[in-house]
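Notes follow once the structure below has been shown.
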Amino acid sequence: MNSHSGITVLKVGGSAVTDKSASAGFAKTDEMDRIAKEIAGFSGKLVIVHGAGSFGHVYAKQYGLDKGFHKEGFLKTHDSVRKLNEMVVQTLRKEGIPAVPLNPLSFSLCGDGRLVHLYTGQIEEMLKYDLVPVLHGDVCMDTKRGACILSGDQSLPYVAAALSAKRVGLGSATDGVLDLNGATIPKITPKTFQSFKQHIGGSAGTDVTGGMLGKVSEILELAEKTGIESRIFNANTPGNVKTYLEGGNVGTLIGRD
């Protein structure tokens with residue numbers, strides 16, 4: 001697609017819609033409902049990526065899928081995240097959003113834990129007809145390890161770059177990227193990142209994908225390569241998702257120097 005396509009790519013973090021400290025999949029259905037209502041008022045072209053939260057990370061950790069292939073763990077993890085994806089899609093549809101489930105396992109390939117290719121042709125066609133593709137964190141075949149975890153934090157910037165998205169949003173369970181005092185950092189660029197890096201933490205729950213530091217690193221690279229700006233904000237704060245989609249100033253802006 002052409003640059004300035006007007007496409008928004010929004011990630012709804014696993015921490016925002018599941019309890020990541022749970023020992024098995026536990027969905028925050030009230031939060032799903034509210035977030036879906038806030039998304040429903042948006043009329044632009046939209047791609048949604050949601051995290052796996054307690055539906056995927058627990059099995060991935062249990063079976064060591066961040067290190068290599070395990071058949072039973074592979075199947076259990078995919079089945080679990082697919083279940084969460086269906087819940088998210090049906091919640092969106094209840095609000096009149098024409099959401100379409102897309103399981104990245106079926107159209108992605110990784111190499112040594114990094115995304116090599118994710119086919120986006122079907123996403124482009126869906127957007128032409130005002131459908132809303134909904135991707136998620138998933139297991140993925142890996143040419144070196146056999147299998148790995150393909151997090152939404154990797155697929156999000158890949159899809160944004162491939163579609164020449166206008167902007168990217170990451171709705172998490174924190175008020176953005178926080179400094180040592182717990183205050184939200186207004187903006188991070190490649191230059192300022194080095195001074196903040198050591199203070200940016202991981203995930204409060206079970207997470208095999210790098211937590212907040214992983215998120216910031218991935219979208220900083222997106223900003224450097226494409227100029228696409230991203231915002232990390234608290235999706236659990238009522239109104240924040242709506243404010244972001246309307247172009248409001250929420251959370252932490254990640255962009256070029």
A correct Karplus calculation of ³J(HN,Hα) over the stretch 236-244, with 6.51 cos²θ - 1.76 cosθ + 1.60, θ = phi - 60°, whole Hz and x for Gly and Pro, returns 8, 7, x, x, 5, 5, 4, 4, 4
What do you get for trypsin sites (Lys or Arg not before Pro) in the stretch 99-171 restricted to DSSP loop and a cutoff of at most 13 other Cβ within 10 Å of the site's Cβ? K144
Could you please state how large a percent of the accessible area of the stretch 1-158 is carbon and sulfur, counting protein chains only and using a 1.4 Å probe? 53
Whole-number accessible area per residue in Å² for the stretch 213-257, which is evaluated in the context of all protein chains at 1.4 Å: 41
Output the relative contact order of the chain, whole-number percent, from Cα pairs under 8 angstrom with separation of 6+ residues. 24
Please sort by residue number the trypsin sites (Lys or Arg not before Pro) in the stretch 32-87 whose DSSP state is loop and whose Cβ has at most 15 other Cβ atoms within 10 Å. K67
A chain fully extended from Q62 to N181 at 0.36 nm per residue, minus the present Cα-Cα distance, gains in nm 39.5 nm
Determine by what factor the alpha-carbon radius of gyration of the stretch 61-143 differs from 2.2 N^0.38 Å, reporting the quotient. 1.21
Inter-site label distance for K83 and Y119 at 7 Å from Cα along Cβ, in nm: 2.8
Probe 1.4 Å, accessible area per residue of the stretch 45-179, Å²: 39
Largest first and rounded to whole Å, the semi-axes √(5λ) derived from the alpha carbon gyration tensor of the stretch 133-257 read 22, 17, 16
Can you tell me which of H136, H199, H78 moves the most in a GNM of the chain? Springs connect C-alpha atoms under 10 Å apart. H199
For the chain, what proportion of DSSP beta bridges, expressed in % and rounded to the nearest 5, is antiparallel? 35
Gaussian network model of the chain, Cα within-10 Å springs - most flexible of N240, N103, N181: N181
Among S108, S164, S195, which one shows the highest mean-square fluctuation when the chain is modelled as a Gaussian network with alpha-carbon springs under 10 Å? S195
Measure of size requested: the Rg and Dmax of the stretch 1-110, with Cα atoms as the atom set and Å as the unit; please supply both. 15.1, 44
Starting from 0.36 nm per residue, how many nanometres of slack lie between D30 and K144 once their C-alpha separation is accounted for? 37.0 nm
Considering only the other residues whose Cβ falls under 9 Å of the Cβ of P157, what net charge follows from Lys and Arg at +1 and Asp and Glu at -1? -2
Once you list every other residue whose beta carbon is under 13 Å from the beta carbon of G25, what net charge do they have if Lys and Arg are +1 and Asp and Glu are -1? +2
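The values are calculated or read from the model by the stated rules, or taken from the named source; none is laboratory data. Computed from a predicted model, the values in this text were never measured in an experiment. Neighbour counts are summed over all protein chains in view; Cβ atoms, including those assigned to glycine, are modelled from backbone coordinates with ideal geometry. Accessible surface is based on the protein model in full, side chains and every heavy atom, while ligands, DNA and RNA are left aside. Shrake-Rupley method; radii C 1.70, N 1.55, O 1.52, S 1.80 Å.
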